[in-house]
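Notes follow the structure.
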Amino acid sequence: MDQIILASGSPRRKDFFTLLNLPFVCIPSNIDETAQPGLSPRQVTEDLAVRKTMAIAEKLTVPHPAKWIFGADTIVVLDGAIYGKPVDREDAKLMLGRLAGRRHEVITAMALYNGCKKEIDCRSVSCDVDFAPLSDMEIEWYLDTGEWEGAAGSYQLQGFGGCIVQAIHGSPSAVAGLPLYDFYVMLRSNGYAFGG
């Protein structure tokens, strides 16, 4: 199978690539993730996924273009407000307090660049997540796990965060950062050869 450049330093996405037994190398894009003004939440996450992917495509040298580059972005949306990665513990505490006992939307966008064709495919997946009510003590307990660091909305579903999520309406792996079925379909529809 062809190697894929993962334009991310996300441990969760690395875990998914490993789970799928995909040959990959990580090259974090380190772009400014500030949302462009005037975009809807879905457009914001798609824009970030494309910018991450293209930042790596533009860094690579012309004699050795990568065949596949993949970038993704996940955001949490509540009442139209975007919740990305918290800047610190206090920011995470505020996010968790707002999400507690409420339903929010999680959007994960994926961008796949085909270096041979010089084409990019961008797709996004949305699902709703019902958060459990949380007391201040429970929020502090969760913050002590450290899972909030680097996580959109300040939680990780695949860890202790699974204790505070009541229900998911859609793809659980999308909430965790990579909608596996949609990712597989995206690769396949773009000509990526599995098992080769």
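Couple of notes before you dig in:
- Helices (runs of 4 or more DSSP H) contained entirely in the range 78-196, each with at least 1 residues that are surrounded by 15 or more Cβ atoms within 10 Å (Cβ to Cβ) and under 19 Å from the mean Cα position of the chain (by Cα): 89-99, 172-175, 180-189
- Among the candidates Lys93, Lys59, Lys67, Lys85, residue that is over 20 Å from Gly177 (Cβ atoms), basic (Lys, Arg), in contact with a helix residue (DSSP H, G or I) (Cβ under 8 Å, 6 or more places away or on another chain) and in contact (Cβ under 8 Å) with a residue 24 or more places away in the chain: Lys93
- Against the test of being over 19 Å from Ala152 (Cα atoms) and either among the hydroxyl-bearing types (Ser, Thr, Tyr) or in a strand (DSSP E or B) (or both), the options Thr18, Thr34, Thr74 yield a single qualifying residue, Thr18.
- A single member of Leu60, Leu6, Leu19, Leu39 is loosely packed, with under 12 Cβ neighbours inside 10 Å and over 26 Å from Leu143 (Cβ atoms), and it is Leu19.
None of the figures in this text is laboratory data; all of them are computed from the coordinates on show. Because the structure is predicted, anything quoted here is derived from the model rather than measured. Counting neighbours? That spans all protein chains shown, and the Cβs are built from the backbone with ideal geometry, glycine included.
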